[in-house]
Amino acid sequence: MSRLVRLYPGPWRERYEAEFLQLIEDRPPSPMERLDIIRGALDARLHPQVVEAAPEPMPWTHRLPGLLSLSAGLALCLAVLGISFGPGPDWGAAASFLGIAVILMPISLPGDYLGSQRRRLVLVGGAFGGSLAAANVLGWGVAAQVLGTLATLVAICGLLATAALRAGIAPRGRWIAVVGGVLLPLILVAGITLVRETTGVTIVDVTASTTALFALPYGLAWLIVGLRMAVRGSPTIVDRPSVPSAAARSGAAEVTQP
Amino acid sequence: MVDGRGFGRFAEPARLVLVALRDGPRQHVRLFDEVRALDGPIGPGTLYAAVARLERLGLIERATNGNDGMRAYRLTGSVAGGGLASAIEGLYR
């Protein structure tokens with residue numbers, strides 16, 4: 001029966017669908033009445049009485065976090081390209097860009113959305129802090145170095161995943177960003193190094209210049225996430241909590257008044 | 001674009017809705033029953049085409065039905081306050 005209701009236009013359904021479904025559930029329509037519903041849907045499309053409420057304009061400040069993420073990604077990409085293709089070994093300018101990226105990334109993340117992500121934040125923060133604390137206790141031996149690396153990895157992945165979360169990217173997309181932007185390049189570097197160490201075969205000459213290139217996907221991931229965040233908008237922590245309009249709260253479209 | 005034309009074939013169902021709401025707010029299923037009781041078999045599609053037009057013109061409005069939270073419809077102030085006859089007349093213009 002709900003298939004018939006789907007014939008109605010979206011704004012009409014937003015306003016009337018729930019009660020209409022209840023009505024035809026309580027008073028099951030006869031075949032003639034089903035035809036009447038189809039005629040009603042046709043009428044609603046030809047002579048719409050309900051229109052969608054115009055979206056409220058987004059404050060410009062909601063684009064700031066996205067622009068910061070975008071800038072972070074850009075700075076990281078420039079740093080990577082500078083290190084990889086710059087004159088070297090003096091990478092002063094490239095290092096500056098790297099510093100800017102490292103600063104901008106966490107700055108772009110605080111927002112009111114984090115309130116609903118307490119559990120994840122505690123998990124990521126706990127893994128990061130726990131790894132660092134354990135590494136410190138172990139005196140930075142081999143095991144401690146592994147833990148330190150793990151903490152860095154958690155921080156790198158966590159920052160990107162949080163940015164992707166803020167950009168409204170679905171869990172699958174967040175995983176793709178983390179795997180494609182961090183884990184895959186890391187596995188590649190580790191694999192190349194392992195092959196060289198165990199067999200002596202050099203697939204790629206792993207120097208600082210070439211290694212830096214493996215950070216490029218991470219920078220690109222931040223660029224994409226930042227772009228999406230800027231387009232979509234996200235309240236900053238200094239913005240007052242957004243109060244949806246009455247129509248948005250009720251999930252209803254507005255009936256236009258003459 | 002919102003259609004600015006009149007009620008057309010929905011004028012009579014709209015009149016019945018207004019008459020059914022004359023004595024106070026009605027939850028939508030009850031409104032449907034009362035409209036049908038007034039004039040035989042009117043389908044849900046026709047009823048809601050009339051309801052949407054009446055709402056658009058500001059002749060009826062939604063009201064939350066206290067206890068069960070279900071939505072009900074009622075005449076707007078101007079119609080309930082003695083303007084029913086002229087509102088009905090306006091449907092057929």
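The values are calculated or read from the model by the stated rules, or taken from the named source; none is laboratory data. Because the structure is predicted, anything quoted here is derived from the model rather than measured. Cβ placement follows ideal geometry from the backbone for every residue including glycine, while neighbour counts extend to all protein chains displayed.
It is to be established whether one or more residues within the stretch A:76-88 are surrounded by fewer than 16 Cβ atoms within 10 Å (Cβ to Cβ), touching a helix residue (DSSP H, G or I) at 6+ places or on another chain (Cβ under 6 Å) and modelled with pLDDT under 90.
No, because not a single residue in the stretch A:76-88 is surrounded by fewer than 16 Cβ atoms within 10 Å (Cβ to Cβ), touching a helix residue (DSSP H, G or I) at 6+ places or on another chain (Cβ under 6 Å) and modelled with pLDDT under 90.
Can you tell me how many residues in the stretch B:8-25 are buried (at least 22 other Cβ atoms within 10 Å of the Cβ) and within 12 Å of chain A (Cβ to nearest Cβ)?
Matching residues across the stretch B:8-25 total 3.
In the stretch A:12-112, which helices (runs of 4 or more DSSP H) lie fully inside it and hold 3 or more residues that are over 26 Å from the mean Cα position of the chain (by Cα), more than 10 Å from chain B (Cβ to nearest Cβ) and free of Cβ contacts under 8 Å to residues at least 60 places away in the same chain? Steps first, please.
Numbers: elements: A:31-46, A:64-85, A:92-107.
So the answer is A:92-107.
Considering only the stretch A:156-196, state which residues are among the small types (Gly, Ala, Ser), in contact with a Ser or Thr (Cβ under 9 Å, 6 or more places away or on another chain) and farther than 17 Å from A:Leu220 by Cβ.
A:Gly168
Which residue out of A:Leu70, A:Leu42, A:Leu21, A:Leu4 is under 20 Å from B:Pro41 (Cα atoms) and crowded, with 19+ Cβ neighbours inside 10 Å?
Being under 20 Å from B:Pro41 (Cα atoms) and crowded, with 19+ Cβ neighbours inside 10 Å holds for just one of A:Leu70, A:Leu42, A:Leu21, A:Leu4, which is A:Leu4.
Could you please tell me which pairs satisfy a Cβ distance under 6 Å, a separation of 6+ or placement on different chains, a first residue in the stretch A:179-204 that is within 18 Å of A:Leu150 (Cα to Cα), and a second residue that is of a type in the set (Gly, Ala, Ser)?
Hits for this filter: A:Gly181/A:Ala221.
Conditions (1) in a loop (DSSP other than H, G, I, E, B); (2) among the β-branched types (Val, Ile, Thr); (3) in contact with a Pro (Cβ under 8 Å, 6 or more places away or on another chain); (4) buried (at least 18 other Cβ atoms within 10 Å of the Cβ), marked per residue:
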position: A:Ala190; (1), (2), (3), (4): no, no, no, no
position: A:Leu194; (1), (2), (3), (4): no, no, no, no
position: A:Val201; (1), (2), (3), (4): yes, yes, no, no
position: A:Trp222; (1), (2), (3), (4): no, no, no, yes
position: A:Ser234; (1), (2), (3), (4): yes, no, yes, yes
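Against the condition at pLDDT below 85 and hydrophobic (A, V, I, L, M, F, W, C), how does B:Val19 come out, does it pass?
For B:Val19, the condition - at pLDDT below 85 and hydrophobic (A, V, I, L, M, F, W, C) - is not met.
Test A:Ser116 against the criterion of being part of a helix (DSSP H, G or I), of a type in the set (S, T, N, Q) and over 26 Å from A:Ala190 (Cα atoms), and give yes or no.
Considered against the rule, which asks whether it is part of a helix (DSSP H, G or I), of a type in the set (S, T, N, Q) and over 26 Å from A:Ala190 (Cα atoms), A:Ser116 comes out as yes.
Report yes if B:Arg36 is farther than 29 Å from A:Glu52 by Cβ, touching a Lys or Arg at 6+ places or on another chain (Cβ under 9 Å) and at pLDDT 90 or above, otherwise no.
yes
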